[in-house]
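Notes for the one structure printed next.
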Amino acid sequence: MRTESFRDVFHPEDSERLRPERDAAISRGVPFEYERRVRRRDGQYRWLLVQYNPLRDERGAVIRWYATGTDIDDRKRAEDALRSNEESLRLIVDNIPGFVSTANATGELEHVSRQVLEYFGKTAEQMKNWAISDAHHPDDRARAIDAYKHSISKPGSRLIAKLAIVEPMASTAGSMCGVVRSVMPTVASSAGTTW
C-alpha cells in the first residue's frame, strides 16, 4: 500500500508556479510568503497563506526554516464574491442612460460612469484631477459650484438633501446640452458622507 507524500497534497499548478519563487527566496535566506492550494483529508482544495522564516546561527547562516500555513480560503472566496459584485454593479451603473458619479465628503470623485467618461473624453484618473466646473456654462458656473459646496458642507452629518439643477454643460466637441444633476447623500457615518 502506497503512502501519500506530503508534496502530493499541494495543487500541481501552484507547485509549478511557485517553485522558482520559493527556490530563489531560500537561496537568498530571506523570509517569504505565498498563497497556494492544499488538499484536505476530504479531498477539497483550500487556499493557505504559507509563510517561511529562517532560523540563523551566530554567524548568520540559515540552519533551519520555519513555515506556517494559515487557511485563507474563506477570505479568498469573499474577495472573489466582492470582485464579482463590484463588477456587476459597475456594469449596471455603466448602462444607466445618464451620468452617475460618487464623491467623498470633501467632494473628491471616487467613481464616474462610462457615460461621463465618454461625454467629457477623459479617463477616470483625469476626472479626479479635473475641475468639472470648467464644463458648466459660464452663466451657471457660480450657482452650480455654490449649490454643490452647500450640499457637501456638513460631512458626517445626516444631511438629507437633494439638489437637482438643469444646467448647460459642454461636451468634448464644445456643444452645450442640458444636464439634470442630483446630489444626494448615500452613506453617512462618523467618517463622512459619501455622495
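Among the numbered criteria (1) on the phi > 0 side of the Ramachandran plot; (2) touching a residue at least 12 places away in the same chain (Cβ under 8 Å), which one does Glu33 miss?
Exception for Glu33: condition (1).
Among the numbered criteria (1) exposed (fewer than 10 other Cβ atoms within 10 Å of the Cβ); (2) touching a strand residue (DSSP E or B) at 6+ places or on another chain (Cβ under 9 Å); (3) within 30 Å of Lys122 (Cβ to Cβ), which single criterion is violated by Pro97?
Exception for Pro97: condition (2).
Which of (1) touching a residue at least 24 places away in the same chain (Cβ under 8 Å); (2) more than 30 Å from Lys149 (Cα to Cα); (3) more than 16 Å from the chain's Cα centre (by Cα) does Thr70 not meet, given it meets every other one?
(1)
Could you tell me which numbered condition Asn85 fails, if it satisfies all but one of (1) among the polar types (S, T, N, Q); (2) without any contact (Cβ under 8 Å) to a residue 60 or more places away in the chain; (3) part of a strand (DSSP E or B)?
(3)
If you scan region 42-74, which residues turn out to be surrounded by 13 or more Cβ atoms within 10 Å (Cβ to Cβ) and farther than 20 Å from Arg22 by Cα?
Hits for region 42-74 are Tyr45, Asp73.
Looking only at region 99-131, how many residues end up being outside any helix (DSSP H, G or I) and without any contact (Cβ under 8 Å) to a residue 60 or more places away in the chain?
Initial filter on region 99-131 (outside any helix (DSSP H, G or I)): 99-113, 121-123, 129-131.
Subset that is without any contact (Cβ under 8 Å) to a residue 60 or more places away in the chain: 100-101, 108-109, 111-113, 121-123, 129-131.
Residues that pass the stated criteria total 13.
Failed condition for Gly107, given (1) at pLDDT 95 or above; (2) on the phi > 0 side of the Ramachandran plot, with all others met?
Against the list (1) at pLDDT 95 or above; (2) on the phi > 0 side of the Ramachandran plot, Gly107 comes up short only on (1).
The values are calculated or read from the model by the stated rules, or taken from the named source; none is laboratory data. Nothing here was measured: the structure is a model prediction, and the numbers come from that model. All Cβ positions, glycine included, derive from the backbone under ideal geometry; neighbour counts span all protein chains shown.
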